[in-house]
Structure formats: C-alpha cells, structure tokens
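Quick notes on the structure that follows.
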Amino acid sequence: MHASPNLLVRLRRSLIVFLMLLFCGSAGASENPQPAINAGDNAWMLVCTALVLMMTAPGLILFYGGLVRRKNVLATMMHSLILMALASFLWMAVGYSIAFADGNAFFGNPLQYFFLGGVGVEPNTTYAATIPHQTFMLFQMMFAIITPALISGAVAERIRFGAYLLFMSLWILLVYCPLAHMVWGNGGLFNWALGGRIPVLDFAGGIVVHISSGFAALVAAIYLGKRSGYPSEPMIPHNVVLSLIGTGLLWVGWFGFNAGSALTAGGLATSAFSATHFSAVGATLAWVAIEWILAGRPSVLGAASGMVAGLATITPASGFVGIPAAFCIGLAGGAACYFAVSRLKRAFKYDDSLDVFGVHCMGSTVGILLLGLLADPAVNPLIAATFTRDGAAVSLAGSSGQFLNQLAGVGFTILYSGVATLIIIWVVGLITPLRVSREDEDAGLDISEHGENAYND
C-alpha cells in the first residue's frame with residue numbers, strides 16, 4: 001500500500017512548519033531568557049521575612065510592653081499589634097508603589113503597583129533577580145510594619161488610639177515610603193546603584209528605619225507633652241522579664257533584618273549576619289561597662305538596651321564592613337546611646353517614654369557616619385566600583401568624601417522626617433484630640449482606651 005503524493009506533500013509541509021516553530025521558539029527563548037528563580041535564595045528570603053515580622057510580634061510587643069507601667073501594658077502592646085494589619089493594608093494599597101515603583105528621585109508612581117497589581121511570582125530584576133517579586137515585596141513590607149511601631153515607644157502611656165491610627169497612616173505614606181524610595185528605589189535620590197544623585201550607603205535601613213523613626217519619635221514626644229507626673233514621679237517598668245524576652249527575639253529577628261537585605265543566600269548574607277552579631281556584642285559590653293563605672297552597678301535593663309543599640313547601630317553598615325569594624329561600630333554605638341539616654345534626655349527634659357530617639361536615631365546615626373569611613377570593598381565588591389559624577393570620580397569605599405555623603409543623608413533624613421512629622425501630628429490634632437484626658441491617663445490606657453486589664457489579680 002503506497003501513500004498518495006498529496007499526503008506526502010502535506011507531511012513534508014507539516015514537518016517544515018514544525019521545525020520552523022521549534023527553531024523560532026528556541027531562538028526567542030535564547031534572546032529573551034526568563035529570569036531563573038533560585039529555590040535556595042527564595043527559601044532564605046521567606047525565612048528572613050518571617051524573622052523580621054517576629055521582631056514586631058512578639059519581639060517589640062514584649063520589649064515595649066514590659067517597659068511601661070502595669071496599667072498601660074495592653075495599650076502599648078496594641079500599638080505594635082495593630083500596625084501589623086494597618087501597615088500591611090497601606091503597603092498593599094499604595095505604599096509599595098510609592099516605595100519601589102518607577103518614579104522620580106523622591107517617590108515612585110503610586111499607581112504602578114496599586115493594590116499590588118503586577119506583583120506576581122516572576123522576579124523583578126531591578127531589585128532581586130533570583131526571587132519572586134512577591135517575596136521581595138513581602139520582605140520589604142515587614143520593614144514598613146516595624147518602623148512606625150518603633151515610634152510608638154516615645155508616645156506610650158498618653159496618646160489616644162484613634163489619633164495614633166491616623167498619625168501612623170499618614171506617617172507611613174508620607175515619610176516612610178518616600179524615604180524607602182529615595183534610598184532603595186529605582187532612581188531614588190540616594191540610591192547610588194540605580195541612578196541616585198547622592199551616593200549614600202544604607203544596607204538595611206539606618207536612614208529608612210531608625211533615623212527616620214527615631215527623630216519622628218522625638219518630635220512626637222515633645223509635641224504631645226510629658227506624661228502626667230513626669231519626671232517627679234517614678235515611671236518604673238512593670239515587668240523587665242517581658243522586656244528581656246523581647247530583647248532576645250529582637251536579636252534573633254535582626255539576623256533576618258540585616259542578613260536578609262543581601263536578597264540572596266550567599267556570602268554577603270553571612271557577612272551581614274556576622275557583623276550584626278558582633279556589633280550587638282560590642283554595644284552590650286560598652287553599655288554595661290560605662291553604666292558600671294558611672295552608676296556603680298550594671299543593670300539588666302541597661303544590658304538589654306545596649307543590645308538593641310548595637311543592633312540599630314550596625315543596621316546601615318552590616319553589608320559593608322567586616323567583623324572587627326562591626327565590633328568597633330557597636331562599641332561606639334553603645335557608648336553614644338548610653339549618654340543619649342542617661343544624659344541628653346535629662347539635660348533637655350523631654351519625655352521619650354521608651355528612649356526611641358536615644359537608642360534608634362542616635363545609634364544609627366553613629367553607624368551611618370562610621371560606615372562612611374569604614375566601608376570595605378573586600379566585604380561588598382559593589383562599592384569597589386567607581387562612579388563618575390560631574391566629570392569627577394566618586395568612590396563609595398570608606399573615605400572622607402563618602403563620610404560627607406553619609407552626613408548629607410543623615411541631615412536630609414532628620415530634616416525631612418522632623419518637619420513632616422511635625423506637620424502630620426499638627427494636622428491630626430486638628431482632626432481629633434491627641435492625648436487622653438488626665439483622668440483617663442491616671443486610670444491607665446488599658447481601661448480607658450480598650451476596656452481591658454492585662455492582669456486580673
């Protein structure tokens with residue numbers, strides 16, 4: 001039985017078409033290869049995302065909750081707890097777009113990723129080529145949660161819950177998200193790697209997280225006024241044990257905060273992990289030693305404060321310095337934060353309830369500035385590259401020039417966060433009362449704001 005000529009012709013044509021399609025498909029794939037997701041990188045980043053969330057709950061919740069008086073513990077814990085929901089919603093709606101969408105030097109296009117449209121499981125190669133875009137978004141969202149939560153420590157025990165929600169909503173959208181874009185976003189003012197005008201090094205959030213929230217905390221605390229009875233009446237922490245548990249959780253979670261900012265599971269993550277640990281070691285030892293010498297005995301709460309100070313101090317530098325430099329940065333940060341909390345606060349008589357300014361803003365300022373002198377290209381080869389600006393070579397390695405760049409970043413952040421915070425809290429005060437009444441403050445915010453008691457004994 002023989003095949004008909006027409007059938008053979010059709011078969012030959014089909015074969016030719018198949019081969020052409022196969023060839024063209026292969027050529028197209030080679031010309032436009034899809035970014036490959038690295039399973040190890042993605043697993044690491046999901047773990048880091050969970051670790052950073054743990055810093056807020058239960059880490060910061062316990063740390064702050066133990067430091068306030070018994071009658072305000074639930075209200076203080078609620079401040080961090082509610083931000084897990086509020087900040088996440090704002091991030092989903094428009095915050096992520098403001099921070100990481102394409103835009104100008106100051107903020108991204110708020111509509112590009114509106115309600116996370118276009119944020120799928122394919123990588124966004126602008127930021128992280130080996131993990132899903134969604135993973136990157138989730139990791140960054142955890143920073144948007146904990147940053148405003150830090151501010152709550154400065155206004156604890158006297159702010160109305162409704163005013164707090166409105167203030168935090170505006171602050172996240174108008175301060176945190178634009179600063180995140182300026183430092184980490186495509187084309188941001190300080191993002192040296194993606195076309196920024198002023199090359200400022202901030203690996204994991206010294207400017208974006210700690211200086212912005214720490215100075216905002218100072219402004220808010222001064223504007224809100226002192227707690228009733230402060231400083232004549234003792235404001236003794238009701239449960240230091242809770243705060244110590246929170247401190248431990250913060251230290252562990254900080255590895256995700258800093259090492260996760262490498263966005264891969266490679267050597268840079270290990271280096272940032274090591275720097276984070278040994279900076280906390282240095283700051284703890286510095287705080288304990290100074291307190292022992294000046295106050296006559298080392299306090300447990302002082303040791304915990306030193307740990308947090310060291311972690312905040314190394315955050316901007318963690319991906320750019322080695323272990324010896326990190327330890328020295330921690331020593332400097334611990335000493336600076338001790339004097340800010342014990343001397344500066346007393347001299348200027350402001351009531352920053354839980355020392356947010358003295359630990360976070362002061363610590364990260366030290367870290368940002370020392371980074372300008374100690375950044376090491378052997379740790380992070382990216383800063384070994386030389387950039388040209390206005391015809392002149394710009395080095396990002398440790399130098400006096402980079403120190404000035406870092407100083408400019410600190411100055412801008414303090415000015416921007418301070419002025420914006422002042423305007424926001426003033427506007428909120430026009431809409432709703434900021435403080436609870438004297439009677440409600442004396443009764444405690446647990447009862448007056450939430451109708452609950454932490455302890456029923």
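The values are calculated or read from the model by the stated rules, or taken from the named source; none is laboratory data. What you see is a predicted model; the values in this text were computed from it and never measured. Note that each Cβ is placed from the backbone with ideal geometry, even for glycine, and that neighbours are counted across all protein chains shown.
Filter segment 228-256 down to the residues that are touching a helix residue (DSSP H, G or I) at 6+ places or on another chain (Cβ under 7 Å) and either of a type in the set (D, E) or crowded, with 20+ Cβ neighbours inside 10 Å (or both) and list them by number.
L242, S243, G246, T247, L249, L250, W251, G253, W254, F255, G256
Can you confirm whether S299 is among the polar types (S, T, N, Q), over 19 Å from F327 (Cβ atoms), in contact with a helix residue (DSSP H, G or I) (Cβ under 9 Å, 6 or more places away or on another chain) and without any contact (Cβ under 8 Å) to a residue 40 or more places away in the chain?
Working: among the polar types (S, T, N, Q): yes; over 19 Å from F327 (Cβ atoms): yes; in contact with a helix residue (DSSP H, G or I) (Cβ under 9 Å, 6 or more places away or on another chain): yes; without any contact (Cβ under 8 Å) to a residue 40 or more places away in the chain: yes.
Spelling it out, S299 is indeed among the polar types (S, T, N, Q), over 19 Å from F327 (Cβ atoms), in contact with a helix residue (DSSP H, G or I) (Cβ under 9 Å, 6 or more places away or on another chain) and without any contact (Cβ under 8 Å) to a residue 40 or more places away in the chain.
Within segment 329-376, can you find the residues that are closer than 22 Å to V183 by Cα, touching a Leu at 6+ places or on another chain (Cβ under 7 Å) and not in a helix (DSSP H, G or I)?
A375
Could you tell me which numbered condition G188 fails, if it satisfies all but one of (1) within 20 Å of the chain's Cα centre (by Cα); (2) within 25 Å of L430 (Cβ to Cβ)?
So the condition that G188 fails would be (2).
Quick test of your reading of the structure: L166 fulfils all but one of (1) without any contact (Cβ under 8 Å) to a residue 60 or more places away in the chain; (2) surrounded by fewer than 21 Cβ atoms within 10 Å (Cβ to Cβ). Name the failing condition by number.
Failed condition: (1).
Scan segment 412-441 residue by residue and report those that are assigned to a helix (DSSP H, G or I), touching a helix residue (DSSP H, G or I) at 6+ places or on another chain (Cβ under 9 Å) and within 18 Å of G229 (Cα to Cα).
Scanning segment 412-441 gives E439, D440, E441.
Which one of these does L174 not meet: (1) within 18 Å of the chain's Cα centre (by Cα); (2) more than 21 Å from G372 (Cβ to Cβ); (3) part of a loop (DSSP other than H, G, I, E, B)?
(3)
Among the listed residues Q402, Q406, which satisfies the condition of being surrounded by 22 or more Cβ atoms within 10 Å (Cβ to Cβ) and either at pLDDT below 95 or over 30 Å from Y64 (Cβ atoms) (or both)?
Sole residue among the options that is surrounded by 22 or more Cβ atoms within 10 Å (Cβ to Cβ) and either at pLDDT below 95 or over 30 Å from Y64 (Cβ atoms) (or both): Q402.
Which of the numbered conditions does Y96 fail, given that it passes all the others? Conditions: (1) part of a loop (DSSP other than H, G, I, E, B); (2) touching a residue at least 40 places away in the same chain (Cβ under 8 Å).
In the conditions (1) part of a loop (DSSP other than H, G, I, E, B); (2) touching a residue at least 40 places away in the same chain (Cβ under 8 Å), Y96 misses (1) alone.
Any residue at all in segment 136-150 that is in contact (Cβ under 8 Å) with a residue 24 or more places away in the chain and touching an Asp or Glu at 6+ places or on another chain (Cβ under 6 Å)?
In the first step, residues of segment 136-150 are kept if they are in contact (Cβ under 8 Å) with a residue 24 or more places away in the chain; the result is 136-150.
If we keep only those that are touching an Asp or Glu at 6+ places or on another chain (Cβ under 6 Å) too, we end up with none.
Taking every residue of segment 136-150 in turn, none turns out to be in contact (Cβ under 8 Å) with a residue 24 or more places away in the chain and touching an Asp or Glu at 6+ places or on another chain (Cβ under 6 Å).
Give me a count of the residues in segment 184-199 that are without any contact (Cβ under 8 Å) to a residue 60 or more places away in the chain and touching a Phe, Trp or Tyr at 6+ places or on another chain (Cβ under 7 Å). Walk me through how you get there before you give the answer.
Going residue by residue through segment 184-199, those that are without any contact (Cβ under 8 Å) to a residue 60 or more places away in the chain are 191, 195.
Remaining after also requiring touching a Phe, Trp or Tyr at 6+ places or on another chain (Cβ under 7 Å): 191.
The qualifying residues number 1.
Residues T247, T276: which one is hydroxyl-bearing (S, T, Y), in contact (Cβ under 8 Å) with a residue 40 or more places away in the chain, over 27 Å from L407 (Cβ atoms) and in a helix (DSSP H, G or I)?
On the way: T276 fails: over 27 Å from L407 (Cβ atoms).
Answer to the selection: T247.
Could you check S212 against (1) assigned to a helix (DSSP H, G or I); (2) over 28 Å from G319 (Cα atoms); (3) among the polar types (S, T, N, Q) and say which number it fails?
(2)
Looking at segment 185-205, is at least one residue at pLDDT 95 or above and outside any loop (DSSP other than H, G, I, E, B)?
no
Only residues that are buried (at least 21 other Cβ atoms within 10 Å of the Cβ), closer than 30 Å to G66 by Cβ and among the aromatic types (F, W, Y): list them for segment 76-130, please.
W91
Do we find that L370 is surrounded by 23 or more Cβ atoms within 10 Å (Cβ to Cβ) and either farther than 30 Å from I159 by Cα or among the β-branched types (V, I, T) (or both) in this structure?
Values: surrounded by 23 or more Cβ atoms within 10 Å (Cβ to Cβ): yes; either farther than 30 Å from I159 by Cα or among the β-branched types (V, I, T) (or both): yes.
Judged against the criteria, L370 is a match.
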